[in-house]
Amino acid sequence: MPMNGLSVGASPLAHGVHYGVLVLGLLGLLAVLGPQWVGTPRSRGPRDEHEYRVADLQARIASGSLGTSLGTSTPVRHRTPTYYAPDLSTVLVPLLVVSSTAAAGVHAAVAPAHFRELPLFGTFFTLCALAQVIWSTAAVLVPGRNVLVVGVVGNAAVLLLWLATRTIGLPFGLLPSPEAVGPWDLCCATWEAVVVVGGLVLLRRGADTPMTLPGYDDWPSSARLWLLGSVIVLGALTASGAHG
């Protein structure tokens with residue numbers, strides 16, 4: 001089902017709904033994933049060399065060994081902080097939640113135009129948006145392997161359907177010939193692929209792998225950049241219309 005021609009046959013009301021949904025989606029993405037409102041900071045040690053040095057300095061001050069002469073006959077023992085690299089789930093869980101929310105924004109944005117094309121298409125995109133938002137919420141509030149499995153299976157199914165519409169079309173006269181691939185398609189498919197691949201990686205790591213979304217302060221730089229990039233891409237698509 002097409003995602004590219006948002007302006008074809010769309011009324012001003014549909015455009016208004018489209019832009020309203022995207023603006024609300026961008027604000028919601030920032031709010032739901034904001035620094036202090038989501039997740040619980042995990043107990044961790046220093047994540048990089050700078051934090052290691054700061055923690056080491058604090059340990060020396062606490063033990064009274066700061067400024068101790070190197071030639072002292074009695075070495076002063078102090079606790080050396082252990083360096084902990086971020087575990088994979090700390091990186092992947094934020095990526096999955098952001099990606100599912102962003103993909104929902106795309107489906108919500110294109111739904112009004114597709115209602116005019118065919119009510120069945122518009123309904124499908126609306127349901128996809130709702131399902132992806134609900135999944136993101138569930139991943140935050142009730143994380144677990146079952147939620148992860150649902151996200152992987154659901155997004156994989158949507159991706160397969162999208163691939164069919166871009167290669168062979170749909171049966172029963174719904175889409176007699178394949179549709180062209182546009183910017184909305186590529187971005188949405190990328191976000192959904194992140195959910196599928198990232199979810200599979202977490203599932204393969206076993207039942208002991210943390211599934212909870214860490215507090216924003218514990219997000220690695222890659223996850224923060226993914227959030228920022230997703231917001232920018234959604235905004236750019238909305239502003240440009242990204243036709244065809």
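Every number in this text was worked out from the coordinates using simple rules, so none of it is lab data. Just so it is clear, the structure is predicted and the values come from calculations on it, not from any experiment. Cβ: placed from backbone, ideal geometry, glycine included. Neighbour counts: every protein chain shown.
Taking R0 as 25 Å, what FRET efficiency do you get between T137 and L170 from their Cβ-Cβ distance, rounded to the nearest 0.05? Once the sixth-power term is evaluated, E becomes 0.25. Considering region 96-191 at the alpha-carbon level, its Rg and Dmax are found to be 13.8, 42 Å.
Taking each residue as 0.36 nm, the span from L228 to R205 lengthens on full extension beyond its C-alpha to C-alpha distance by 5.5 nm. Average 1/r across all pairs of distinct alpha carbons in region 170-213, invert it, and you get the Kirkwood radius: 13.4 Å.
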